[in-house]
Ligand SMILES: Cc1cc2nc3c(=O)[nH]c(=O)nc-3n(C[C@H](O)[C@H](O)[C@H](O)COP(=O)(O)OP(=O)(O)OC[C@H]3O[C@@H](n4cnc5c(N)ncnc54)[C@H](O)[C@@H]3O)c2cc1C
């Protein structure tokens, strides 16, 4: 027999966007059910660098300290490096404390902390190990989801569904909304995690090594790991992989020779490497009657500049008061919910423009890039413009604040 759940808000996807929204809506008195296809031990997520904007909001939610206490590393700078030369530097130490750094937090640490907060509210239901595979409709509008998985089949009936199910969003597809994928930015990222020996000095910067074969991202991850992400043009990895694992490893060693021993010793099979299809996209629209898309489901970003989590958390914070009022007034029509896209769209467009510039800065070649620009960048460091750019990277829209709890009405 199918289990039936009746709730105010059904959030599909227990990532940063979904769980922050769940927590905020619970604080406003809503009943919230989160459907998450992964079980706790199955969660594998690579992106873990938090910008100051996300840190500040998570702190205001009383979540950051707990996530940090479970284990995290601070990073001072973003560096673009070629050989031994620093071509570009974003020094977060110039921002006001306490958010004067980047933070790499293992994703389950952050999500478990958010979940623990949500679980304090009696109106919270969490359904892990269940995938939302169909939408329920009533009188032409979205009115819930069918969730399936080993724990059993469930019909979650809700006054509003929030699609926070990431860049390949099923909810978006089921609602007939196009992903708006921009193939110009499509890339493959080859990802691996290596364990560093105790004598290795910790990596305290997020580094992008420019190499002839595509930029390689390296950062230190808690407790003693480094994450390596090698960005390749879309579908190029297949050609490289066809030459064998040793060839792939040696290409990686050439790109980051500092880690040669770790790469040669620890990458033993292709299972030690993950290949991710990375792209940027903006969904055709973010709302339908009874539905809102947030986070990567609404707008997907390339990993350049580590913006995705910040934007996902901010989406939830911006949507919260709009959704609370919409529920209180019994109107979750597309027209009403479109206020969210009107408010948030310009911020997202601005971040996408910034990422395009960052990506050009990382990929461009020639004497200007390698000789002139680093000198200009060093001169710029002493000016207010440098701080302004840094502020943009760190916060996106710095005016986003958590709204008072408010109260959601029930019908
Ligand atoms: C290689 C890589 C590196 C990155 N590095 C960074 C970084 O360092 N910093 C940063 O800020 N951003 C980074 N990003 C981007 C960042 O990961 C995302 O922007 C961010 O996770 C978006 O959060 P979200 O909650 O919208 O989606 P997600 O984090 O993708 O969460 C979606 C959740 O929905 C669940 N789900 C999916 N489908 C269903 C379904 N049908 N039913 C139920 N549950 C479902 C998933 O299991 C998942 O838990 C990176 C991205 C990539 C690809």
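Just so it is clear, none of the values below were taken in a lab; they were calculated from the coordinates. Being a predicted model, the structure only gives us computed values, none of them experimental. As a convention, Cβ positions derive from the backbone with ideal geometry for all residues, glycine included, and neighbour counts pool all protein chains shown.
Sorting 55, 25, 2, 354 from the fewest to the most surrounding beta carbons within 10 angstrom yields 2, 354, 55, 25.
Pairwise Cα distances in region 158-275 exceed 19 Å in 56 percent of cases. The helix-only estimate of mean residue ellipticity at 222 nm for the chain, built from DSSP H runs of length n ≥ 4 each weighted as -39500 (n - 2.57), is -10500 deg cm²/dmol after division by the residue total. Taken over region 139-203, the convex hull of the Cα atoms encloses 206 Å³ per residue.
Residues 340, 168, ranked from the fewest to the most other C-beta atoms within 10 Å, line up as 168, 340.
Dividing the alpha-carbon radius of gyration of region 210-331 by the rule-of-thumb value 2.2 N^0.38 Å gives 1.47. Once Rg and the Kirkwood radius are both taken over the C-alpha atoms of region 286-336, their ratio Rg/Rh works out to 1.06. Report note on the peptides 11-23, 299-311, 79-91, 282-294: ranked by the mean count of other C-beta atoms within 10 Å, highest first, their order is 11-23, 299-311, 282-294, 79-91. Rounded, prolate or oblate: pick one for region 18-138, where a ≥ b ≥ c are the square roots of the eigenvalues of its C-alpha gyration tensor, a/c under 1.5 means rounded, and failing that, prolate if a/b is larger than b/c, else oblate. Prolate, because a/c is 1.5 or more and a/b exceeds b/c. Within the chain, antiparallel bridges make up roughly 65 percent of the DSSP beta bridges whose residues both belong there.
Dimensions of region 235-275 along the principal axes, based on C-alpha atoms and rounded to the nearest Å, stand at 27, 19, 15, largest first. Extension gain, residue 270 to residue 389: 0.36 nm times the residue separation minus the Cα-Cα distance gives 38.9 nm.
Going by alpha carbons, how many degrees (0 to 90, nearest 10) lie between the helix axis of 107-118 and the longest principal axis of the chain? That helix lies at roughly 20 degrees to the long axis.
Remark: the chain is approximated by an ellipsoid whose semi-axes, taken from the C-alpha gyration tensor as √(5λ), come to 37, 24, 20 Å, largest first.
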